[in-house]
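Notes for the one structure printed next.
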Amino acid sequence: MLEIGTKAPDFTLQDKDGNSVSLSDFLGKKVVLYFYSKDNTAGCTRQACAFAANYDAFLAKGAVVIGISRDSAASHRKFAEKNSLPFLLLSDPECIAIQAYGVWQEKRMCGKVCMGVVRSTFLIDENGLIEQIMPNVKPDSNAAEVLELLNR
């Protein structure tokens with residue numbers, strides 16, 4: 001179980017263009033790392049668009065926004081283009097980062113129990129330490145909550 005003040009697990013995943021991106025690439029910057037279940041679903045689209053709408057405010061705070069799901073790089077490319085998403089989307093089909101951050105969990109959907117990504121956000125400081133853990137976030141308010149944390 002990850003805790004505030006501990007080193008954020010590093011990972012290397014592909015972005016929408018097939019480039020390798022590591023969390024350690026962003027040492028010296030704050031990182032807003034959010035995990036979501038699937039491109040082009042209603043909640044995930046609203047969450048991504050809220051981060052996009054506030055992207056300049058995140059940049060002004062020196063923060064990088066990174067979204068991670070199990071979707072392919074090609075799916076991320078279409079999702080980003082369709083919704084004009086200016087931030088990184090990383091593909092994690094093998095659940096490397098998803099499991100490292102503990103967001104692959106049992107979920108109930110339509111009365112059935114299944115495994116899936118629990119919508120969660122991590123704020124990581126300039127030294128690569130976890131500053132905030134936000135489990136089970138709401139797609140419509142998550143970006144604003146993270147911005148509020150950055151404004152403190």
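The values are calculated or read from the model by the stated rules, or taken from the named source; none is laboratory data. Since the model is a prediction, treat every value here as computed from it, not as a measurement. Here the Cβ positions follow ideal geometry from the backbone for every residue, glycine too, while neighbour counts run over all protein chains shown. Ligands, DNA and RNA are excluded from the accessible area calculation, which covers all protein heavy atoms including side chains. Shrake-Rupley method; radii C 1.70, N 1.55, O 1.52, S 1.80 Å.
Filter the stretch 16-59 for residues that are in contact with a strand residue (DSSP E or B) (Cβ under 7 Å, 6 or more places away or on another chain), over 19 Å from Val103 (Cβ atoms) and not hydrophobic (A, V, I, L, M, F, W, C) and give the result.
Lys16, Ser20, Lys29, Lys30, Tyr55
What is the number of the single condition among (1) part of a loop (DSSP other than H, G, I, E, B); (2) within 15 Å of Asn136 (Cβ to Cβ) that Lys107 does not meet?
Every condition holds for Lys107 apart from (1).
Scan the stretch 115-128 and report the pairs whose first residue is under 14 Å from Ala144 (Cα atoms) and open to solvent by less than 10 Å² (accessible area, probe 1.4 Å) and whose second residue is part of a strand (DSSP E or B) and of a type in the set (Asp, Glu), with Cβ atoms within less than 6 Å and a gap of 6+ or a chain change.
From the stretch 115-128, the pairs are Leu123/Glu131.
Would a scan of the stretch 53-62 turn up a residue that is surrounded by fewer than 21 Cβ atoms within 10 Å (Cβ to Cβ) and within 13 Å of the chain's Cα centre (by Cα)?
No, every residue in the stretch 53-62 fails to be surrounded by fewer than 21 Cβ atoms within 10 Å (Cβ to Cβ) and within 13 Å of the chain's Cα centre (by Cα).
Would you confirm, using the coordinates I've provided, whether Leu88 is surrounded by 15 or more Cβ atoms within 10 Å (Cβ to Cβ), under 12 Å from the mean Cα position of the chain (by Cα) and not hydroxyl-bearing (Ser, Thr, Tyr)?
Criteria met by Leu88.
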